[in-house]
1. Between rounded, prolate and oblate, where does the stretch 107-164 land on the alpha carbon gyration tensor, with a ≥ b ≥ c its root eigenvalues, rounded for a/c under 1.5, else prolate if a/b exceeds b/c?
2. Rule-of-thumb check for the stretch 3-136: C-alpha Rg over 2.2 N^0.38 Å?
3. Rank ALA132, VAL110, ALA158 by how far each Cα sits towards the positive end of the charge dipole of the chain (+1 on Lys, Arg Cβ; -1 on Asp, Glu Cβ) and give me just the farthest.
4. Round to a whole number: what % of the accessible area of the stretch 3-136 belongs to carbon and sulfur, probe 1.4 Å?
5. How large is log10 I(q)/I(0) at q = 0.15, 0.17, 0.32 Å⁻¹ when the Debye formula is applied to the Cα atoms of the stretch 50-91, each weighted equally and without solvent?
6. So who's got an amide H within less than 5 Å of the one on GLU32, skipping anything under 5 residues away but keeping other chains? H placed 1.01 Å off N, in plane.
7. Once every DSSP H run of n ≥ 4 in the chain is given -39500 (n - 2.57) and the sum is divided by its residues, what mean residue ellipticity at 222 nm do you get, rounded to the nearest 500 deg cm²/dmol?
Amino acid sequence: MKFVSIMMGSKSDYDIVSEATRMFDKFGIKYELIITSAHRSPERTQEYIKQAEEKGVQVFIAAAGMAAHLAGAVAANTTKPVIGVPMDASALNGVDALYSTVQMPSGMPVATLAIGKAGIINSVYLAMQILALNDEDLAKKLKDDRESKKEALKQDSAKVEVIL
């Protein structure tokens, strides 16, 4: 079974990360969601990655805040694509998580996205774009979604009165 793994470092990330599950449901993409930590449960994280690969995971999304480096721990244990989403969980407003996610050593790539909700939403789209490389139906759904966004923008624009 092909699926996307959504990993989050803490239960406190769920309110934002759950947006990914709603979006995957909308597009009919199978996923797993797990709470695991690069630092508090490193063995669990490694074991889960191994099990997910055996079950057919195609892409990992790793969301974590503070300087917790879940995405890096995932990348160290797989050759599957890893998408990192820094979460705003500290006094530094997610900048610490951004730096720890984006600053990977050569040969250990993590596609690092925006902090928080925008990052989660874009992680879903990026994961689906990766999956769509081998799935024409999904590629069409993504094109249709893009067109619907363009049409919605036109509709919104038509409702705005311009006064000079």
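1. Values: a/c = 4.15, a/b = 1.65, b/c = 2.51.
Because a/c hits 1.5 or more and a/b fails to exceed b/c, the stretch 107-164 counts as oblate.
2. 0.94
3. Highest projection toward the positive end goes to ALA132.
4. Of all accessible area on the stretch 3-136, carbon and sulfur atoms account for 53 percent.
5. Scattering profile of the stretch 50-91, log10 relative to I(0): -0.38, -0.46, -1.10.
6. So GLU32 has HN proximity to VAL4, SER5, ILE6.
7. Taking each H run of at least 4 residues, the total per residue is -16000 deg cm²/dmol.
The values are calculated or read from the model by the stated rules, or taken from the named source; none is laboratory data. As the structure is a computational prediction, the values presented were derived from the model and not from experiment. FYI the Cβ positions are ideal-geometry reconstructions off the backbone, even for glycines, and counts take in every protein chain you see. These area figures cover heavy atoms from the full protein model, side chains too; ligands, DNA and RNA do not enter into them. Shrake-Rupley method; radii C 1.70, N 1.55, O 1.52, S 1.80 Å.
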